[in-house]
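**Q** I have a structure here, written as structure tokens, and I will follow up with some questions on it.
Please treat every number below as a calculation from the coordinates, not as lab data. All figures in this text were calculated on a predicted structure; none of them were measured in a lab. When we count neighbours, we look across all protein chains shown, and the Cβ atoms used for this are built from the backbone with ideal geometry, even at glycine.
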Ligand code: SF4
């Protein structure tokens, strides 16, 4: 078996650790690029959402590299995600690829049986634990960098250390190497010269899971922002549903859902309810909120239309992504939004929520 899976931000790092630890031959498609997007756009239905197109592009690149088995999440999501894998499988077969697709649709036991590749349970559990340790390290690193980027004196240094640290996490072969990477890079990050005034803006980032987590999809939004990013969506949310696998206590998602209830009391698919809840929940402690939405994503369209009617006030910038979205347009809108919030903080302008 030569296994492949699509990218979503840094999630390939813990997945690689899990499969390598289980002695599974994994084919890594190249990191998502403009070429990946072109492939996805070429073979996807025009109105498919951006994550569909990017992950299809990843799978084509992986199959071209010799993968014979692909993993594609899916299942009972009440949005297009529920049938991603079926449509992608049909497209890939029509393109002439011969492969086996693993999805949870075919049953969890079937999935586990295939993914364990005959390895002993102990080996699988050991690999899983190490992969989750890497996942946790990556999330902690991101949270830290979100704060440092806003106050670093020499712009770009925190991002440079972030990339170094990410590579070190990826290369770590055991817990000792993982801890050493943390010690070394944490020190470098904490020793960066910083500026103490003016106090940085605290800007929340929320929206559709994939676009929030994938820097290619959101065009490196967090790096461009240059403010303190507050984000509740992390890759660990993929596994935090299971308290035996990853104990994180009450998830931010649960708190957001509760906060959204007066305005949106039911699940609308994807992360729509969470997006509304984040605005309500953080109206007092954030200066603004950036809401990311793939073009045509119904859960986030629903959230976008509800957000202006909450009584909790917080300026929201909605950014819609598809293959036609341009970086310059995104930067212009970000600059205007941040400038407006800064001016409002200094008491010079009124901002509409
Ligand atoms: S949440 Fe939106 S972008 Fe994500 S799969 Fe569902 S419809 Fe597509």
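**Q** Which order do peptides 63-70, 203-210 fall in by mean Cβ count within 10 Å, highest first?
**A** Details: 63-70: 18.0, 203-210: 25.8.
Top of the packing list down: 203-210, 63-70.
**Q** For a paramagnetic label modelled at 7 Å from the Cα of residue 220 toward its Cβ, which residues of region 31-75 fall within the zone defined by backbone nitrogen distances under 18 Å?
**A** Counting only backbone N, you get 31-37.
**Q** Which angle from 0 to 90°, rounded to the nearest 10, does the C-alpha axis of helix 12-21 make with the longest principal axis of the chain?
**A** 30 degrees
**Q** Determine the gain in length on full extension of the stretch residue 147-residue 196; use 0.36 nm per residue of separation and subtract their C-alpha separation, reporting nm with one decimal. Before the final figure, lay out each step's value.
**A** Working: separation 49, 0.36 × 49 = 17.64 nm, distance 1.24 nm.
Length gained, residue 147 through residue 196: 16.4 nm.
**Q** Here is a follow-up. Give the angle, between 0 and 90 degrees and rounded to the nearest 10, that separates the Cα long axis of helix 34-43 from the longest principal axis of the Cα atoms of the chain.
**A** Helix 34-43 sits roughly 70 degrees off the main axis of the chain.
**Q** Once fully extended, how much extra length lies between residue 90 and residue 187, figured as 0.36 nm per residue of separation less the alpha-carbon to alpha-carbon distance? Can you show the working numbers first?
**A** On the way: separation 97, 0.36 × 97 = 34.92 nm, distance 4.94 nm.
Stretched fully, the residue 90-residue 187 segment lengthens by 30.0 nm.
**Q** Ok, one more. Note down, for region 175-219, the three equivalent ellipsoid semi-axes (square root of 5 times each alpha carbon gyration tensor eigenvalue), biggest first, whole angstrom. Write out the running numbers ahead of the final one.
**A** Details: eigenvalues 142, 99, 14 Å².
Ellipsoid semi-axes (Å, largest first): 27, 22, 8.
**Q** A further question follows. How large, in Å, is the chain by the Kirkwood hydrodynamic radius built from its alpha-carbon pairs?
**A** Working: mean 1/r = 0.0466 Å⁻¹.
Its Kirkwood hydrodynamic radius stands at 21.5 Å.
**Q** Something else: With both partners inside the chain, how many of the DSSP beta bridges are antiparallel, as a percent to the nearest 5?
**A** On the way: 1 of 23 bridges.
Antiparallel: roughly 5 percent of the beta bridges in the chain.
**Q** Restricting attention to the alpha-carbon atoms of region 2-119, what are Rg (one decimal) and Dmax (integer), both in Å?
**A** Rg, Dmax (Cα atoms, Å): 13.6, 41.
**Q** Could you rank the peptides 337-347, 39-49 by their average count of other C-beta atoms within 10 Å per residue, with the highest value first? It would help to have the intermediate numbers written out before the result.
**A** Numbers: 337-347: 14.7, 39-49: 17.3.
Per-residue mean Cβ counts within 10 Å order the peptides as 39-49, 337-347.
**Q** Please give the helix 121-151 orientation as an angle from the longest Cα principal axis of the chain, in degrees from 0 to 90, rounded to the nearest 10.
**A** It is inclined by approximately 20 degrees.
**Q** So if I take the centroid of the Cα atoms in region 159-218 and the same for region 1-79, what is the distance between those two points in Å?
**A** Here the two parts' Cα centres lie 24 Å apart.
**Q** As an exercise, find the ratio Rg/Rh for region 133-195 from alpha-carbon atoms, using the Kirkwood inverse-distance average for Rh.
**A** My calculation of the ratio gives 0.98.
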